[in-house]
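Data first, discussion second: the structure below is written as structure tokens.
The values are calculated or read from the model by the stated rules, or taken from the named source; none is laboratory data. Please read all numbers here as calculations on a predicted model, not as lab measurements. Positions of Cβ are generated from backbone atoms using ideal geometry, with glycine treated the same way; all protein chains shown enter the neighbour counts. Surface accessibility is based on the protein's heavy atoms, side chains included, excluding ligands, DNA and RNA. Shrake-Rupley method; radii C 1.70, N 1.55, O 1.52, S 1.80 Å.
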Amino acid sequence: MSLISLARRGRVVAVLAGALLLVPVLAEARPGGKGGFGSRGSRTEAPPARTNTAPNGAQPFQRSATPSPTQAAPAAGAAAAAQAARPSMARNLMMGVGAGLLGAGLFGLLSGSGFFSGLASLAGILGFLLQIALIGGAIWLAMRFFRRRSEPQLATAGAPLARDAMSPQPGARMGAMAGSASAATAAAASHTTPVELSGDDFAAFERLLSEINEAYSNEDEKGLRDRVTPEMFGYFDDDLTANGRKGLVDRVSDVKLLQGDLSEAWGEDGYEFATVSMRFSLINALYERATGKVVDGNASVPQEVTEYWTFVRARGAAWKLSAIQPAA
């Protein structure tokens, strides 16, 4: 193969590698561009009500400070299993080491050299480690043999496995998921109270839509802190920091609300929440910070976005953004 061919292949590989590096970057554009994130209080696990603006509902959260029960249970189970396994592992290790030491000592006694001199009579450390391996292997085989003898056998050949018998059919799984969502909605509604909103509240939501996008575009940390919850600020700050490391800057402009509907408004634990679906247009592009070159989006053509935004406030205080969920 000629040097020219190798050089050409190298350029192709470099181009492909650059394209792959841009894939995760492009998904970081604009607030809300990375999927659902944030919290809706006790209703975080319950899907927001559908509206005329978003008739198919909202996508679930990908990032939230409120853990999902379906995520927390397996994690807790895994942690408990690991905790339970640690004493057993330590006990087995000590048994193996103790058996090796005992075997070496007995060898020394039988050879007439004393209990501890047996360690030196086994060709040094290699012989000692070989004894540990052999004795440990014998113990493991014996434990495996007796464990198998104590396990119950299947009553009949060809009987379904327990996991097969308990796995629901696809339709049943969908029904179970819908049932879980309904149960979460009912549980959340059971300890919340309805909240009445005024025209000033809806005006505040529209204003925050523009101001948050503007602060994000200007990388204005104070502007974001004043308008979003600490959880949301953390997500925005992570995205802006990642863009900065890659030499990129995200610009958003001309944000215009086209349609909006109230999905839910409720109070809990001294706070008021409101989830609204909003369809809005904006101009959004991702630029190279050094050159100003557009690497994603369009600097002149607006795009339309439909999302659920959830706002929260302490009673009597100003509204702040607490969650964004793309429409399904």
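Overview of results
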{"item": "Per residue value of the accessible surface for the stretch 191-284 (all protein chains in place, 1.4 Å probe), Å²", "result": "46 Å²"}
{"item": "Ranking by accessible area, most exposed first, for 241, 51 with a 1.4 Å probe", "result": "241, 51"}
{"item": "Tensor-based shape of the stretch 215-328 (alpha-carbon gyration tensor, a/c under 1.5 rounded, otherwise prolate or oblate)", "result": "oblate"}
{"item": "Neighbour net charge for residue 260 - beta-carbon separation under 9 angstrom, K R +1, D E -1", "result": "-1"}
{"item": "Residue 134-residue 318 pseudo-label distance in nm [points 7 Å out on the Cα-to-Cβ vector]", "result": "7.9 nm"}
{"item": "Amide N proximity, the stretch 30-64 versus residue 298 label position 7 Å along Cα-to-Cβ, cut-off under 19 Å", "result": "30-31, 33"}
